[in-house]
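Undergrad: Pasting a structure below so you can have a look.
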Amino acid sequence: QVQLVESGGGLVQAGGSLRLSCTASGSIFAGNIMGWYRQAPGKQRELVATMTSGGSINAADSVKGRFTISRDNARNTVYLQMNSLEPEDIAVYYCMVRQASRQYWGQGTQVTVSS
């Protein structure tokens with residue numbers, strides 16, 4: 001089993017920044033993928049960015065140039081630095097770990113951007 005604990009969401013003005021963190025514990029395997037998805041009200045959950053343990057990144061076009069994903073493999077922690085936030089970024093952000101053909105989710109953290 002894998003447990004994910006997220007932190008760092010909140011309310012910020014448009015143009016501001018937030019940093020999300022997610023730490024995984026339990027049966028963590030090397031070579032996993034960690035990352036972030038988000039779900040806005042009335043919409044499906046969508047990819048924000050993921051990163052392999054080797055450093056390969058997959059990010060949504062809508063966040064490229066504004067959001068930066070990074071991870072600390074020794075701490076099983078993934079980060080999402082979000083800059084230039086827009087009202088369109090309002091969503092619940094979920095941490096994700098994918099390993100051994102299974103996917104695990106965090107409880108989600110709310111990000112709200114005021115215009």
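Undergrad: Let's see if you can work this out: charge +1 on each Lys and Arg Cβ, -1 on each Asp and Glu Cβ, no other charges. What is the dipole magnitude of the chain about its Cα centre, in debye to the nearest 20?
TA: Numbers: 10 positive and 7 negative charges, 52 e Å.
Result for the chain is approximately 240 debye, rounded to the nearest 20.
Undergrad: What does the accessible area per residue of the chain come to in Å², with a 1.4 Å probe and no ligands, DNA or RNA counted? Before the final figure, lay out each step's value.
TA: Values: 5970 Å² over 115 residues.
For the chain, the per-residue accessible area is 52 Å².
Undergrad: Further question: What net charge is computed for the residues neighbouring residue 59, neighbours being all others with C-beta under 15 Å from the C-beta of residue 59, Lys and Arg scored +1, Asp and Glu -1?
TA: +1
Undergrad: Let me ask something else. Determine the order of 6, 46 by accessible area, beginning with the largest, at a probe radius of 1.4 Å. Provide the component values of the computation, followed by the final result.
TA: Values: 6 15, 46 80 Å².
The residues order as 46, 6, largest area first.
The values are calculated or read from the model by the stated rules, or taken from the named source; none is laboratory data. Model, not experiment: these values are computed from the prediction. Positions of Cβ are backbone-derived with ideal geometry, glycine not excepted, and every protein chain shown enters the neighbour counts. The protein model used for the area step is the full one, side chains on, heavy atoms only, and it has no ligands, DNA or RNA in it. Shrake-Rupley method; radii C 1.70, N 1.55, O 1.52, S 1.80 Å.
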